[in-house]
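K.L.:
Structure provided below as structure tokens; questions to follow.
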Amino acid sequence: MPAMKTDMLGSHLSVAGGYVNALREAERLGMQTVQIFTKNQRQWKASPMDPAAMNDWLTELHRLKWTQTVSHASYLINLATPADEHFAKSIDSMTDEVERAEALEVRYVVVHPGSSLDSSEEAGIDRLVKALDEITKRTRGFNAIICLETTVGGGNQIGGRFEHLGAIRQRLAQPERVGTCFDTCHVTAAGYDMSTAKAVKAVFEQYDAIVGLDHLLCFHLNDSKFGVGSHRDRHEHIGLGEVGLPCFEHIMRSRKFARTPKILETEKAETDDGTPWDTINLRQLRALAEKRKTAAGPRSKAATPKAGQPTGRKKAGSQTRKPSQPRRSRKTT
């Protein structure tokens, strides 16, 4: 088989049976990186990592020569919360996430910025800066980098506006230890239209001006079941949602992002003929990189806002039809 062109595509894969199984599955599917949970993402208490499982992972990681793998932090963590007990537990849990990533030589640890709940946006950002400074102080000298993920916005979520991420990074004691993760579904749902070449170019120019593309260290490549400004976090397979293929084409064809990990977080299922949806999504993205025609269904047409500007509207008929229903679904653990 000829050597594959580097595109750093991967997926969030299960670690059931051992961390190493995610690496093996990623290689089998033709990926070049992977994202995992290093512990149960829905429990505060975590068992210590098994030395044998760590060794198996590291042996395989070194064989593959992968240096930019990704972990995703627990969904319980809220570094913006005004509640002192939850804040302290979140800092401890996130410190553990970074320590686990360092032990596994995982380069990036993605975390949702959190919610300010019943406090103000500014108070939430203050808490985030304080938390990140404490975590990076506890893990000084580590190679693992924390990546704050863009969110769908709405309510008191931090991360739905690029300005949130820019403001946080500007105030950090160790900004080199904190980057960002750009989730295409989340950015669309937050209100940024990327459905045309002009619009997506404007969005990335805006991101560069406010946050800095040099600090965009990881992508979550997900289409969205709902439209621009919906504030709904529902991932769809590439080309079957409301993000727009120009967004994915821009990312896949950009030299700037050639070595940036691009992680799929779409449903782990198979089509009626037994083809994994990860395989279909990878084909779609690689075809876009070469500007080839693909089998993805047409995107619904709707009026678009001014390029690069977030909107508060939802698109009518925002749920899209899949050409083939998944045969079975597997949970990612």
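None of the figures in this text is laboratory data; all of them are computed from the coordinates on show. What you see is a predicted model; the values in this text were computed from it and never measured. Counting neighbours? That spans all protein chains shown, and the Cβs are built from the backbone with ideal geometry, glycine included.
K.L.:
Points 7 angstrom from Cα along the Cβ direction at THR275 and GLU163: gap in nanometres?
P.N.:
4.4
K.L.:
Pairs to check: LYS45/LYS256; LYS65/LYS198; LYS65/LYS225; LYS137/LYS198; LYS39/LYS137; LYS39/LYS201. Give those whose C-alpha atoms are more than 32 Å from each other in this structure.
P.N.:
Listed pairs above 32 Å: LYS45/LYS256; LYS65/LYS198; LYS65/LYS225; LYS137/LYS198; LYS39/LYS201.
K.L.:
Could you check which residue among LYS268, LYS291, LYS201 shows the biggest mean-square fluctuation in a GNM of the chain with a 10 Å Cα cutoff?
P.N.:
Of the options given, LYS291 has the highest mean-square fluctuation.
K.L.:
Could you work out how much longer the chain between ARG232 and LYS256 gets when fully extended? Use 0.36 nm per residue separation minus the Cα distance between them, nm to one decimal.
P.N.:
This chain segment gains 5.8 nm when fully extended.
K.L.:
Once you sort the root eigenvalues of the Cα gyration tensor of the chain as a ≥ b ≥ c, which label holds: rounded (a/c under 1.5), prolate (a/b larger than b/c) or oblate (the other case)?
P.N.:
Oblate shape, in that a/c is at least 1.5 and b/c is the bigger or equal ratio.
K.L.:
Between ALA83 and ALA209, what FRET efficiency comes out of the Förster formula 1/(1 + (r/R0)^6) with R0 = 22 Å and r the beta carbon distance, rounded to 0.05?
P.N.:
It comes out at approximately 0.05.
K.L.:
For LYS45 and LYS201 in the same chain, what is the full-extension length gain: residue separation times 0.36 nm, less their Cα-Cα distance, in nm?
P.N.:
Length gained between LYS45 and LYS201: 51.9 nm.
K.L.:
Additional query: Taking the simple approach of a point 7 Å from Cα along Cα-to-Cβ for both GLU105 and LYS130, what is their distance in nm?
P.N.:
For GLU105 paired with LYS130, the spin-label model returns 3.8 nm.
K.L.:
Among DSSP beta bridges lying fully in the chain, give the percent that are antiparallel, nearest 5.
P.N.:
25
K.L.:
Something else about it: Based on other C-beta atoms within 10 Å, arrange THR275, THR69 from fewest to most.
P.N.:
By the 10 Å Cβ count, ascending: THR275, THR69.
K.L.:
If you don't mind, another one. Going by average Cβ neighbours within 10 Å, how do the peptides 249-261, 79-91, 277-289 rank, with the highest at the top?
P.N.:
The packing order, highest mean first, is 277-289, 79-91, 249-261.
K.L.:
Here's another thing I want to ask about it. Restricting the count to DSSP beta bridges whose residues both fall in segment 41-163, what percent are antiparallel, rounded to a multiple of 5?
P.N.:
Roughly 10 percent of the beta bridges in segment 41-163 run antiparallel, per DSSP.
K.L.:
Follow-up. Could you work out how far apart the two model spin labels at ALA52 and ASN143 are, taking each label as a point 7 Å from the Cα in the direction of the beta carbon, and quote it in nm?
P.N.:
With each label point 7 Å from Cα toward Cβ, the separation is 2.6 nm.
K.L.:
Need the full-extension length gain, ARG24 to LYS65, defined as separation in residues times 0.36 nm minus the C-alpha distance. One decimal, nm.
P.N.:
Between ARG24 and LYS65, full extension yields 13.5 nm more.
K.L.:
By counting other Cβ atoms within 10 Å of each Cβ, how are ARG127, ARG63 ranked from fewest to most?
P.N.:
ARG63, ARG127
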